[in-house]
1. Restricting attention to segment 89-106, does a residue exist that is more than 18 Å from VAL4 (Cβ to Cβ) and modelled with pLDDT under 95?
2. Please go through (1) more than 13 Å from TRP117 (Cβ to Cβ); (2) in contact (Cβ under 8 Å) with a residue 12 or more places away in the chain; (3) among the aliphatic types (A, V, I, L, M) for LEU61 and return the number of the only condition it doesn't satisfy.
3. Does segment 54-73 contain any residue that is open to solvent by less than 20 Å² (accessible area, probe 1.4 Å), outside any loop (DSSP other than H, G, I, E, B) and in contact with an Asp or Glu (Cβ under 9 Å, 6 or more places away or on another chain)?
4. Of everything in segment 1-38, what is free of Cβ contacts under 8 Å to residues at least 12 places away in the same chain and part of a loop (DSSP other than H, G, I, E, B)? Give them in sequence order.
5. Out of the residues in segment 80-118 that are open to solvent by 60 Å² or more (accessible area, probe 1.4 Å) and touching a residue at least 24 places away in the same chain (Cβ under 8 Å), state the one that is nearest to ILE27 (Cα to Cα).
6. Please count how many residues of segment 82-97 are aliphatic (A, V, I, L, M) and over 13 Å from the mean Cα position of the chain (by Cα).
7. If TYR43 satisfies every condition in (1) crowded, with 18+ Cβ neighbours inside 10 Å; (2) not in a strand (DSSP E or B) but one, which is the exception?
Amino acid sequence: MDYVKILKYGKIINLTFYIEHDKPFEIGEKMNGIYEKAYMNGYNWEAFLNYYLEKNSPEVLEGIEMDPEAGILTAYYDNILGNEEKAEKLKNIIIDLIENEEKLYKVLKDEGSKINWD
């Protein structure tokens, strides 16, 4: 999917989620319609993913550093053994959530108030 990419730069593994790409952007607008605080800029995608991963794949959060912006969310891992798999798993989770957007909406409806929104 062209809205999420993994690149390696020397000692860094960089995953970039392009939230202003058509499909994630449209889904973000629907999420905001479902839950008012879910204005899906990079900061709120970070908040959502931190909450979702903590519950569903906490190992992906180990060693991660996120850098949210208005139109993208970048996640960094050190390029060491095991982190490439974490980045790949995070990429697959993001793709799964975007391609099966009902999962996102269900989390918002059931647990939106538990997320630390920006």
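1. Initial filter on segment 89-106 (more than 18 Å from VAL4 (Cβ to Cβ)): 102, 105-106.
Imposing the further condition that a residue be modelled with pLDDT under 95 reduces the set to none.
For segment 89-106, residues more than 18 Å from VAL4 (Cβ to Cβ) and modelled with pLDDT under 95: absent.
2. (2)
3. Checked against the condition, which is being open to solvent by less than 20 Å² (accessible area, probe 1.4 Å), outside any loop (DSSP other than H, G, I, E, B) and in contact with an Asp or Glu (Cβ under 9 Å, 6 or more places away or on another chain), segment 54-73 yields at least one hit.
4. Answer for segment 1-38, where residues must be free of Cβ contacts under 8 Å to residues at least 12 places away in the same chain and part of a loop (DSSP other than H, G, I, E, B): just GLU36.
5. Our first condition is that a residue be open to solvent by 60 Å² or more (accessible area, probe 1.4 Å); within segment 80-118, this holds for 80-81, 84-85, 88-89, 92, 99-100, 102-103, 106, 109-110, 113-114, 116, 118.
Pick out the ones that are also touching a residue at least 24 places away in the same chain (Cβ under 8 Å) and you get 84, 88-89, 99, 109, 114, 116, 118.
Values: GLU84: 27, GLU88: 22, LYS89: 21, GLU99: 10, LYS109: 14, LYS114: 20, ASN116: 19, ASP118: 18 Å.
Going through the qualifying residues, I end up with GLU99.
6. Step one: of segment 82-97, the residues aliphatic (A, V, I, L, M) are 87, 90, 93-95, 97.
Right, trim to over 13 Å from the mean Cα position of the chain (by Cα) and you get none.
Matching residues across segment 82-97 total 0.
7. It is condition (1) that TYR43 fails.
The values are calculated or read from the model by the stated rules, or taken from the named source; none is laboratory data. Remember, predicted model here, so these are calculated numbers, not experimental data. Virtual Cβ from ideal backbone geometry, glycine too; neighbours counted across all protein chains shown. Protein only, heavy atoms only, side chains kept; ligands, DNA and RNA dropped before computing areas. Shrake-Rupley method; radii C 1.70, N 1.55, O 1.52, S 1.80 Å.
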